[in-house]
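**Q** Encoded as structure tokens, here's the structure I'll be asking about.
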Amino acid sequence: MATKAPRPGYHHGDLRRTLIEVATAVVETEGEDAVSVREIARRAGVSAAAPFRHFRDKEELLDAVAAEAMVRFRKLMDEATREVLGEPLLEFRALGLAYVRLAVRHPKLFALAFRRAGADPAGAESAAESRARIERARAQGAILDADPDLIVLAAGAMTQGLCRMIVEGQLGKVTVKEAERLCAGALDILGHGLLPRPDDC
């Protein structure tokens, strides 16, 4: 008796991983509205019922895509700070540049990941790390003795706002290099405002 050939796209034994990879590719190229459990199953080459062994619905599948993307983005952002470790302000700047770079290169996946990050521990962990960097800079006397939470909020609002403007086309077509230049300029202005003043020393 002939054995049934495996369906294309399905990596035997790791259906969950395959579904996440296929859904990620759809989000990257077509956006999250193009994702449905049935369509992802079809593209993965499995039955329409098979994904429900791993995900209750589309929302849970998209949450998994966002979580995987966040891990991937966090790794890239960590790599961006490797050369400036121990210099909290430079680390903070490098993170902002990496953030904008990711938004330009992966706009649809970036939007999905960071919109859903509030329910992901990685989102809170990232904010805590940013606050710790600001605390270290303040302890070193490199910045004003200001509320670190407000500094993180201001920097986050600036970088996220810039990312949104770029992704939504409000600034026209922006290349990765141009986005980095815009972000660097904005972060430098913010950083200049955080420098200690002579009468604070």
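The values are calculated or read from the model by the stated rules, or taken from the named source; none is laboratory data. Bear in mind the structure is a predicted one, so any value in this text is a computation, not a measurement. Cβ coordinates were reconstructed from backbone atoms using ideal geometry, including for glycine residues, and neighbour counts include every protein chain displayed.
Let's see how each residue does on (1) over 23 Å from VAL27 (Cβ atoms); (2) free of Cβ contacts under 8 Å to residues at least 60 places away in the same chain; (3) hydrophobic (A, V, I, L, M, F, W, C):
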residue: PHE52; (1), (2), (3): no, yes, yes
residue: ARG56; (1), (2), (3): no, yes, no
residue: LEU62; (1), (2), (3): no, yes, yes
residue: ARG72; (1), (2), (3): no, yes, no
residue: THR81; (1), (2), (3): yes, yes, no
residue: PHE114; (1), (2), (3): no, yes, yes
residue: ILE143; (1), (2), (3): yes, yes, yes
residue: LEU150; (1), (2), (3): yes, yes, yes
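**Q** Kindly indicate the residue of segment 107-154 that is acidic (Asp, Glu) and touching a Pro at 6+ places or on another chain (Cβ under 9 Å) and also modelled with the highest pLDDT among those meeting that condition.
**A** GLU135
**Q** Within segment 79-109, can you find the residues that are in contact with a Ser or Thr (Cβ under 7 Å, 6 or more places away or on another chain) and among the charged types (D, E, K, R)?
**A** The one that is in contact with a Ser or Thr (Cβ under 7 Å, 6 or more places away or on another chain) and among the charged types (D, E, K, R): GLU91.
**Q** Do we have ALA69 as touching a Phe, Trp or Tyr at 6+ places or on another chain (Cβ under 9 Å), among the small types (Gly, Ala, Ser), more than 24 Å from MET165 (Cβ to Cβ) and in a helix (DSSP H, G or I) here?
**A** no
**Q** Mind checking which residues of segment 10-44 are in a loop (DSSP other than H, G, I, E, B), of a type outside the set (Ser, Thr, Tyr) and either at pLDDT 95 or above or within 20 Å of PRO107 (Cβ to Cβ) (or both)?
**A** If the condition is that a residue be in a loop (DSSP other than H, G, I, E, B), of a type outside the set (Ser, Thr, Tyr) and either at pLDDT 95 or above or within 20 Å of PRO107 (Cβ to Cβ) (or both), then GLY31, VAL35 are the ones that fit.
**Q** Can you spot a residue in segment 50-72 that is surrounded by 14 or more Cβ atoms within 10 Å (Cβ to Cβ) and modelled with pLDDT under 90?
**A** For segment 50-72, residues surrounded by 14 or more Cβ atoms within 10 Å (Cβ to Cβ) and modelled with pLDDT under 90: present.
**Q** Within segment 178-189, can one find any residue that is more than 20 Å from the chain's Cα centre (by Cα), surrounded by 12 or more Cβ atoms within 10 Å (Cβ to Cβ) and farther than 16 Å from TYR99 by Cα?
**A** no
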